[in-house]
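The values are calculated or read from the model by the stated rules, or taken from the named source; none is laboratory data. What you see is a predicted model, and the numbers here were worked out from it, not measured in a lab. Cβ: placed from backbone, ideal geometry, glycine included. Neighbour counts: every protein chain shown.
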Amino acid sequence: MQASGRNRKRRKLKSEINVVPYIDVMLVLLIIFMVTAPLLNLGVDIQLPQSAARAVQANSEPIVISVDKDGNLYLTLGTAKRESIDADNLVRKVTAFVHQNPHVPVLIAGDNRATYGQIYEILPALQQAGVTKVGLMSQPVQQSRR
């Protein structure tokens, strides 16, 4: 006794989750974070700590680049004598020395009366020379100033 008009097939229930809305939400969140992430670093105030740092122990003789109060450059390679040098020769000599000794420490010794700009001009030259890490030299704090 079946009715002829009611021969419908029953649909099976699907147990799958529709993930399309979740993907849309994820893409919107990704775009929001990509846009806002660079803006978060603009207003950061940093106060560097002041302390009497210990001397760094090096396994080999470092390359020392000195800057006097007038901005003149001097180069000391390993145990060699200090020599006056210009920026172009500095790049060539440091490139050759770093190519032979890739892990040699490179230090900048800037005069206290030299401007920040005079010392900063050395950094792009060292980057061209293939130096990846640069240290700054300082004198230890005297007991009376502590």
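Let's see how each residue does on (1) surrounded by fewer than 10 Cβ atoms within 10 Å (Cβ to Cβ); (2) among the β-branched types (Val, Ile, Thr); (3) at pLDDT 85 or above:
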{"position": "ASN41", "(1), (2), (3)": "yes, no, no"}
{"position": "SER51", "(1), (2), (3)": "yes, no, no"}
{"position": "SER60", "(1), (2), (3)": "no, no, no"}
{"position": "ASP88", "(1), (2), (3)": "yes, no, yes"}
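Among residues belonging to segment 62-86 that are small (Gly, Ala, Ser) and in a strand (DSSP E or B), point out the one that is surrounded by the fewest Cβ atoms within 10 Å (Cβ to Cβ).
Only one residue tops the list, namely SER84.
Taking segment 90-121 as the search range and keeping residues that are assigned to a helix (DSSP H, G or I) and touching a Leu at 6+ places or on another chain (Cβ under 7 Å), which one is surrounded by the most Cβ atoms within 10 Å (Cβ to Cβ)?
Within segment 90-121, the match that is surrounded by the most Cβ atoms within 10 Å (Cβ to Cβ) is VAL94.
Evaluate the following for PHE33: is it of a type in the set (Phe, Trp, Tyr), assigned to a helix (DSSP H, G or I) and modelled with pLDDT under 90?
Against the criterion (of a type in the set (Phe, Trp, Tyr), assigned to a helix (DSSP H, G or I) and modelled with pLDDT under 90), PHE33 does not qualify.
Under 8 Å between Cβ atoms, at least 6 apart or on separate chains: pull out the pairs that start in segment 1-30 with a residue that is of a type outside the set (S, T, N, Q) and modelled with pLDDT of 90 or more and end on any residue that is surrounded by 10 or more Cβ atoms within 10 Å (Cβ to Cβ) and part of a loop (DSSP other than H, G, I, E, B).
Partner pairs satisfying both residue conditions: none exist.
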